[in-house]
Amino acid sequence: MRPQEFMATRAIGMAALVLVMAGATARADDGKTSINREVKSDGSSSVNVSSTPGWLDGASYGVDMSLAAQPSTTVQPAKPLPWTQPDSSSAAAWAKVNVPTNTDVVPWGQTTVEMRVDPTQNQGKVGTTFSRDMKVTDHMTASVNDSYSMVRNSDNASVVETGKSLSLKLDDFGTTFSVGATNTVGDKAWLPSASAEQKLIGPLSVTTSVADTGSEINKSITAGFKSKW
């Protein structure tokens with residue numbers, strides 16, 4: 001696909017997303033909007049805005065924003081000038097529909113169809129996720145996810161990705177363990193990842209994660225708080 005065709009495809013996707021949002025806005029009195037913000041210890045933050053229209057069960061749309069930490073205004077020796085640092089903030093718009101399924105017929109409890117547009121990365125994504133929540137004990141819940149998506153980038157490449165994950169939530173302790181793996185069609189190797197999130201006091205939480213990117217192992221420990229309006 002030529003760059004012009006990619007831009008046209010992305011424009012169509014954006015138009016469809018705008019139509020969904022417009023329809024929901026027209027019936028805003030029937031739906032609800034929530035804003036979640038997470039502030040991390042390094043000064044960066046993420047803001048997630050989501051709305052659920054009352055006229056379409058299981059549908060939602062919103063914007064995910066990642067805000068970089070405020071750069072230092074002090075000139076320091078052997079370091080780049082503050083005003084030359086690139087802004088790593090980003091934002092992506094999305095819309096999805098959840099379709100309940102009969103667990104007596106299929107093994108999944110819910111099917112989610114999602115479209116996502118990320119202008120900062122010149123990327124568009126359409127995917128489907130099959131998921132199911134299972135009560136292991138009265139105080140433990142397991143979640144299984146199986147996802148398939150097609151990602152199109154501005155370099156004309158279309159990539160099909162698959163992902164599988166399992167989460168175990170300990171309700172009494174506020175702890176969630178997750179393991180998963182992703183694969184790009186055509187690659188033989190699966191890239192594994194694991195994480196553990198521990199809720200502390202109120203909105204405070206700490207997350208530890210390890211992920212294989214194919215070229216290196218990323219390890220991180222992040223702390224922050226989540227708030228909802």
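Throughout, read-outs are computed from the coordinates displayed, never taken from laboratory work. Being a predicted model, the structure only gives us computed values, none of them experimental. Backbone-built Cβ (ideal geometry, glycine too); neighbour counts: all protein chains shown.
Results, tabulated for the structure shown:
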| item | result |
| --- | --- |
| Cα gyration tensor category, rounded, prolate or oblate, for segment 120-203 with a/c compared to 1.5 | prolate |
| Length added when fully stretched, ALA223-THR137, from 0.36 nm per residue minus Cα-Cα | 28.1 nm |
| Unsatisfied cross-links (Cα-Cα over 28 Å) in the set LYS169/LYS219; LYS32/LYS164; LYS96/LYS135; LYS96/LYS219 | LYS32/LYS164; LYS96/LYS219 |
| Amide H contacts of THR101 (H built 1.01 Å from N, under 5 Å, at least 5 apart or other chain) | GLN110, THR111 |
| Calculated FRET efficiency for the pair ILE201/THR162, C-beta based, R₀ 45 Å, to 0.05 | 0.75 |
| Segment 164-197: trypsin sites (Lys or Arg not before Pro) falling in loop per DSSP and having at most 14 other Cβ within 10 Å | LYS188 |
| Chymotrypsin sites (Phe, Trp or Tyr not before Pro) within segment 119-228, DSSP loop, no more than 13 other Cβ atoms inside 10 Å | PHE173 |
